[in-house]
Amino acid sequence: MNYELVSGFETHVELSTKTKIFCGCTTQFGGDPNTHCCPICIGLPGTLPKLNEQVVHYAIMAGLATNCEIANVAKMDRKNYCYPDLPKAYQISQFDMPLCKNGYVELSNGRKIRILRIHIEEDAGKLIHQQGNTYIDYNRGGVPLIEIVSEPDIRTVEEAKEYVEKLQLIMRYIGVSDCKMQEGSMRCDVNISVRPKGSEELGTRTEIKNMNSITFIAKAMEYEFERQVSVVESGGKVVQETLRYDEASDTTSSMRGKEDAHDYRYFREPDLVTINVLDSLIEEIRESLPELPFVKLQRYIDELGIPETDAQLLTKYRKIAEYFEDSIKGTQNPRTAANFILGQIFKRLENESAKEEFDIKTTADQLREMILLIESGKVKMNLAKSTLEKMLDTGKAFGELVSESDMAGLSDEALIELCKQAVSENPNAVADYKAGKEKALKSILGTVMKNSRGKADANMAEAKLKELLS
Amino acid sequence: MITREDILNIALLAKLDVAEDELDNLTKEMSAVVAFADAVNEADIKTESFDNVNNLANVFRSDEVQPSLPNEEIIKNALDSDDGYFVVKKRA
C-alpha cells in the first residue's frame, strides 16, 4: 500500500526586540550566566510583569505577513508546568485568544499551508545537565517568542523544507527576527502521522521536539515516516508520543514518560491586562510592512524581466534586494545591475550569513553611476568589470579610479598598434597559433590587454589579432 | 467531587510524593477547599462581563533596556549555585 505523510509544524521564532517580553532586561544572545536577569524574569514573589509593546507589534506584523486575521481583543494565559527552566513554574503564553489566527503560507507548487494561529509567549531558561545536577541560566528566560502553529497540511518533506524556509525568509524580511536556527532563534516542533494514500482520516501523530536545522528536520521526517509506515504495515498502532531526534544515529526516540502527561491547567494570567488592538493600528502596521519576498520575486520577473533563478537569488536577502533596487534607479536595463550583483559581488559573499549581512564597500549609488556610464556608451563592459573589482576592494567611486581619458577607450589606430606590438612580443605564441593552436591567441590577447592597461575592448582586440594573423 | 486519583494526579503534576496514609486526609481537605470556591459558581453573572473586571487594557512598556541585576544579587537566594548558575538536583 502507498502511504502519505501528514505533517504540521509549531515554529518558535525569537523576536528581535531589545528587551524581554515582560521586563527591561536585554535579549542579547549569550552573556555570563544569569547576568541578563531581574526580579521579574526570575519570577520573584511580588513582582509584576508588564508587556513589551514592541512584542505585540512584531506579532501583528508576523500575522499580517502570513495572511492572518488579527484579533481586536487578546489576552495572556498561564501555562502551568513544573520544570526548572521556568522559574515561576508556569509560562506566560496565550491560550484561547491569540493575537493572530487563520492565515496561510503559499508554497511554490501552489498549495497553501494554513496557519491556525500565532501567539506570543516567553522563552524558558537554558539548562545544562551534569553529574546528577542541573545548572540553570535564565538569561534566555523571558525573551519574547511567537509560536506559529500550522494545520497538518504538509504532505512531503520538500514541502516541509520550503515551508520553514519561507517562514524564515518572511520573518527576516519584515525584520521581526533574525531566525538563526543554529542559535536557536527559530526552532520547530514537527508533528507527523501517516495514512494510506487517498484516505481523508488523520492517523495518530507523534511530535519531534526542538528541531533547529532544516537538514535535520528533513532527515528526522524521513526516518519517522518510514518508522510509522513499518509500524502500521506490521499490524501495529502508532503511539502518540513526543520524540527526540538523535542526529548522530539519525533515529527518533521517546522523550517523555507517562508522568509528564500534558495537563497545563491554563488560566487567564491575572497579572496582565487585556490587549486591545484597534483596526487603525492594524492598518498602520499593514502599511509599514515592506514588500514581501514572493511579491518582489514576481515583480522582478514580470516587470523587470529578470530570469526567475536570478530573481530568486536577488529577493532571498532583503538587503541585496534593496541594493539591487537602488542600483537600477534611472537605468535602462535592470539585468546589468543583476549580473554585477550575482556575479562579481556575490563571489565576495562566501556564505549565507555574509549574504544576509551584505557588507560590501561599493554603494548602490556607485554601482548605478557606473551602469549609467556603460549605458551611455562612455564605458566599455571590460573596463567596468575590472574597475568594479577595484571599487569593491577600496570603496572608491568609478570616477576616482578611472579618468575621462581612460573612459574614452582606445582609437582604432591605437588598438591596431597595440596588437602589432603584442604579435612581435610573442613570437612563440604566434607560431603556435599559426600551427593551429587556437588557445595561443589568448596569451597574445593578454599582452594587448596588459599594455593597454585594461582600456582595450577584449572582443575588438581579438578580432583585430585574428585579422593580423590570418 | 475530589477523588484520591485527583490528588495523585495533582501530586504528580506538582512533583510531590504523597504517602498512601496521607491520601484520605488530603482528599477530604481538597474537597473542602473546592467546595468553598464553588460558591463562586452560584453568583449570577449573566448580565456582567467578567472578561476585564478591572477595566484596564493595553498597559505596555516601551522596548528600552533597563539595567539587569548583578549576578550575585540574582543568585543570592539560591539554595545552591556554581559559577553564576543556579544548581538544582537533576529531575528524571
Requested in this report: Step through the residues of the range A:306-318 one at a time and calculate ³J(HN,Hα) from phi using the Karplus curve (6.51 cos²θ - 1.76 cosθ + 1.60, θ = phi - 60°), rounding each to whole Hz and writing x for Gly and Pro.
Outcome: 7, x, 4, 4, 5, 4, 5, 5, 5, 8, 5, 10, 4
Query - Gaussian network model of chain B, springs between alpha carbon atoms under 10 Å - residue of B:V34, B:V18, B:V59 with greatest fluctuation - result: B:V59
Query raised in the report: Which of the lysines could be linked to A:K378 by a straight reach, that is with a Cα gap under 23 Å, when you skip same-chain ones fewer than 8 residues away?
Result: A:K329, A:K390, A:K396, A:K450, A:K455, A:K464
Query - Relative contact order for the range A:1-77, counting Cα pairs under 8 Å that sit 6 or more residues apart, in percent - result: 24 percent
Query raised in the report: What is the calculated FRET efficiency for A:A248 to A:T331, with r their C-beta to C-beta distance and R₀ = 60 Å, to the nearest 0.05?
Result: 0.70
**Report entry** Relative contact order (percent, whole number), chain A, Cα cutoff 8 Å, 6+ residue spacing
**Finding:** 14 percent
Requested in this report: Kindly state, to the nearest 0.05, the FRET efficiency for A:D271 paired with A:E183, given R0 = 30 Å and r defined as their beta-carbon distance.
Outcome: 0.50
Query raised in the report: Taking the Cα atoms only, what angle lies between the long axis of helix A:440-451 and the longest principal axis of chain A, rounded to 10 degrees?
Result: 90 degrees
Query raised in the report: Which ³J(HN,Hα) values, rounded to whole Hz and listed in residue order, are derived for the range A:290-302 from phi using the Karplus coefficients 6.51, -1.76 and 1.60 in 6.51 cos²θ - 1.76 cosθ + 1.60 with θ = phi - 60°, glycine and proline given as x?
Result: x, 4, 6, x, 6, 5, 4, 3, 4, 5, 4, 6, 6
Requested in this report: Return the Cα extents of the range A:309-402 along principal axes one, two and three, sorted largest first, each rounded to a whole Å.
Outcome: 35, 27, 19
Query raised in the report: Roughly what angle does helix A:214-233 make with the longest principal axis of chain A, taking Cα atoms, 0 to 90 degrees, to the nearest 10?
Result: 50 degrees
Query raised in the report: Out of residues 5 or more away from A:E4 or on other chains, whose amide H comes under 5 Å of its own, with H placed 1.01 Å from N in the peptide plane?
Result: A:R195, A:K197
Query raised in the report: Counting other Cβ atoms within 10 Å, which GluC sites (Glu not before Pro) in the range A:319-358 have at most 15 and lie in a DSSP loop?
Result: A:E350
Report task. Among the listed pairs A:K161/A:K237; A:K319/A:K380; A:K50/A:K112, give every one whose C-alpha distance is greater than 31 Å. Result -> A:K50/A:K112
Query raised in the report: Taking a threshold of 29 Å on the Cα-Cα distance, which of the pairs A:K166/A:K209; A:K75/A:K219; A:K18/A:K126; A:K166/A:K197 fall above it?
Result: A:K75/A:K219
Report summary line: per DSSP, antiparallel bridges as share of beta bridges in chain A, % nearest 5, sits at 95 percent
Query - Isolated Cys residues of the protein assembly as shown, judged by Cβ distance under 4.7 Å to other cysteines - result: A:C23, A:C25, A:C37, A:C38, A:C41, A:C82, A:C179, A:C188, A:C419
Query raised in the report: Debye sum, Cα scatterers, the range A:390-470, no solvent: what log₁₀ I/I(0) at q = 0.15, 0.18, 0.22 1/Å?
Result: -0.57, -0.73, -0.93
Requested in this report: Count neighbours as other Cβ atoms within 10 Å of each site's Cβ, and list the trypsin sites (Lys or Arg not before Pro) in chain B that are DSSP loop with at most 10 such neighbours.
Outcome: B:K46, B:K76
Requested in this report: Please report A:D32, A:D406, A:D153, A:D359 as a ranked list, fewest other C-beta atoms within 10 angstrom at the top and most at the bottom.
Outcome: A:D359, A:D32, A:D406, A:D153
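Every number here is computed from the coordinates shown, using simple stated rules; none is lab data. Not measured: the values here are computed from a predicted model. Neighbour counts run over all protein chains shown; Cβ positions are idealised from the backbone, glycine included.
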